[in-house]
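The values are calculated or read from the model by the stated rules, or taken from the named source; none is laboratory data. None of the values given here were measured: they were computed from a predicted structure. As a convention, Cβ positions derive from the backbone with ideal geometry for all residues, glycine included, and neighbour counts pool all protein chains shown.
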Amino acid sequence: MSINDNLKKLYSSIDNYIKLVAVSKTKSNEQIMEAYQSGQKIFGENKVQDLVTKYSALPKDIDWHMIGHLQRNKVKYIANFIKLIHSVDNFKLLKEINRQAKKNNLTIDCLLQIKIASEETKFGLSIDQVKSILKSEEFKTLKNISIIGLMGMASFTNNEEILKKEFTYLNDFFKNLRLIYPNITVLSMGMSYDYKLAIQHGSNMIRVGSLIFGERN
Ligand SMILES: *Cc1c(COP(=O)(O)O)cnc(C)c1O
C-alpha cells in the first residue's frame with residue numbers, strides 16, 4: 001500500500017470533524033510530499049531540529065505541530081512558524097512560549113499534555129496542576145499563548161480496558177474544562193493502534209504515523 005492509499009483509507013474511516021495530524025517523524029521530505037499531494041496539510045514532529053529543517057524545505061501552507069517533549073531553550077527556533085504545540089507539560093515552558101510568541105508578535109496555540117498512562121516515562125501534567133495553572137494570576141497575564149485543548153498519550157498496551165479507562169479519564173476532564181473555558185475545544189488523543197478507541201472516547205484530533213508512512217525503524 002502506498003502513502004496515498006493509506007491516507008485515503010484512514011480518511012474514509014474517520015468523520016470530517018476529526019483532525020488528522022500525520023506524524024512524519026523520521027520520514028523523508030519525499031514521503032511527506034507524497035502525503036501532501038494526497039491532500040494532507042497537517043504534520044507532526046517530535047524534534048525541534050527536524051521541524052526547522054522540514055519547515056524550511058517544504059511548502060509553506062503546511063501546518064506544523066510539535067508533538068514531542070519540548071525543551072524551554074529550543075522554543076525560540078520554532079516560535080515563528082509552529083501552528084500548535086501539543087506537549088506543554090509545565091508552566092515554565094508555557095511562559096517561555098508566551099515570551100517567544102510575543103517577540104514574534106503573534107499568538108501560539110497550545111495544548112496542555114496530561115499524564116494519563118501509568119508508565120513512568122510519559123511526560124505530562126496532573127489534573128490538579130492544570131487547574132492551578134489555569135487559575136493562577138500569572139497565567140492570566142500571558143497574552144501571546146492560547147490554550148485550545150488537551151493532549152494525552154495512553155499506555156503502550158493493547159489491553160482495551162486500560163486504554164478505555166485512560167481515554168475516559170481525559171475526556172471527562174476535557175468536558176468539564178470546556179464548560180468553564182470556551183477556548184478549549186481540542187482533544188488530541190489516539191495514535192495508529194488506538195485511534196478508533198480514542199475517537200469513541202471523545203478525541204477530535206488524532207496523531208497517526210506508522211499507519212500512514214509504515215513502521216519506523
Ligand atoms: C510517534 C508519535 C505518534 C504516532 O505514533 P504511531 O504509532 O506511529 O501512529 C503520536 N503521538 C506522539 C506524541 C508520538 O510521539
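Brief remarks on what is shown
- Annotation: of all residues in the stretch 137-179 being loosely packed, with under 14 Cβ neighbours inside 10 Å and touching a residue at least 40 places away in the same chain (Cβ under 8 Å), the one that is nearest to the chain's Cα centre (by Cα) is 143.
- For residue 212, the conditions (1) outside any helix (DSSP H, G or I); (2) within 20 Å of the chain's Cα centre (by Cα) are fulfilled apart from (1).
- All positions within the stretch 7-17 that are in a helix (DSSP H, G or I) and surrounded by fewer than 20 Cβ atoms within 10 Å (Cβ to Cβ): 8, 9, 10, 11, 12, 13
- Any hit, the stretch 126-147, residues being modelled with pLDDT of 95 or more and under 13 Å from residue 188 (Cβ atoms): yes
- Residue within the stretch 109-116 that is more than 19 Å from the chain's Cα centre (by Cα), outside any strand (DSSP E or B) and farther than 23 Å from residue 15 by Cα present: no
- Unique match (being modelled with pLDDT under 95, within 20 Å of residue 210 (Cβ to Cβ) and away from the ligand (no atom under 14 Å from the Cβ)) among 33, 1: 1
- Hits in the stretch 82-129 - residues which are touching a residue at least 40 places away in the same chain (Cβ under 8 Å), of a type in the set (Val, Ile, Thr) and surrounded by fewer than 21 Cβ atoms within 10 Å (Cβ to Cβ): 127
- Of all the residues in the stretch 154-197, those that are part of a helix (DSSP H, G or I) and either within 16 Å of the ligand (Cβ to nearest atom) or basic (Lys, Arg) (or both) number 11.
- Residue that is farthest from residue 44 (Cα to Cα) [pool: residues in the stretch 200-214 that are surrounded by fewer than 21 Cβ atoms within 10 Å (Cβ to Cβ) and more than 8 Å from the ligand (Cβ to nearest atom)]: 200
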